[in-house]
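Here's the structure we're looking at; comments come further down.
What follows is calculated from the coordinates using simple rules that are stated; it is not laboratory data. What you are looking at is a predicted structure, and each value in this text was computed from that prediction instead of being measured. Backbone-built Cβ (ideal geometry, glycine too); neighbour counts: all protein chains shown.
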Amino acid sequence: MSTTTDEEERQLQRLKAAIHHTVGRLCQSLGENHQMEFSRPVIAAITETTFRQCDVFAKDLEAFARHAKRSTVSMEDVKLAARRSTALYNFIQSKSEEIASANQEQRDKKKSGVKRKNKDTEAEAME
Amino acid sequence: MAENSSTELSFKKETVSKLLTLFFREERTRVSADAALLMTEMLYVFVEEAAQRTMKQAESEDCDKMDIEHFEKILPQLLLDF
């Protein structure tokens, strides 16, 4: 990444700090469950690996979206990024279905909400 | 979506979305909200897997503190699996 500006670099550092925080909490809760302890260098190394893996994922996702002649990365692209491991693919597939059905539910709720509002205003108009 | 206790510890959607956007080569590439949410799940699995495998490695060496050498041993296979 030779073309990153100072501002981008600062933003990346902040995001890395956010990842470090989450990785730290995750490792701590996992360690507590097994009466074991993760040393600080391990947490830093997992953070760094996750950060770089994210870079790889991002470039893959971008390429998949472009191949489908889109400029927005969709869930289909993420599913494709998880193709190497069957267990991971199945997990991501079920999660994507969960997200899609949650969205559908929200849309239905909104729709019925609007309908009710319309009825309310109609009733008010009748009065 | 059914949020279980493990996803509460997971990454924020905004963080993942920003991170991906910064890593893209082209500026006009965007991430949909659903895709960002799905990526948080993916990264959660990645970190969880890294931590679990490190723990298993330390256990097999009869250590109760996970150190960098344990992580180093599981790293190649971890990267091959993702």
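Counting only residues that are polar (S, T, N, Q), under 17 Å from the mean Cα position of the chain (by Cα) and surrounded by fewer than 15 Cβ atoms within 10 Å (Cβ to Cβ), which one in region A:46-93 is farthest from the other protein chains (Cβ to nearest Cβ)?
The qualifying residue farthest from the other protein chains (Cβ to nearest Cβ) is A:Asn90.
Can you tell me how many residues within region B:13-43 are more than 7 Å from chain A (Cβ to nearest Cβ), part of a helix (DSSP H, G or I) and either more than 15 Å from the chain's Cα centre (by Cα) or buried (at least 19 other Cβ atoms within 10 Å of the Cβ) (or both)?
Count: 7.
Select from region A:20-34 the residues that are at the interface with chain B (Cβ under 7 Å from one of its Cβ atoms) and either over 15 Å from B:Gln52 (Cβ atoms) or not aliphatic (A, V, I, L, M) (or both) and list them in ascending order. Spell out the reasoning first.
Just the residues of region A:20-34 that are at the interface with chain B (Cβ under 7 Å from one of its Cβ atoms), to begin with: A:22-23, A:25-27, A:29-30, A:34.
A:Thr22, A:Arg25, A:Cys27, A:Ser29, A:His34, listed by residue number.
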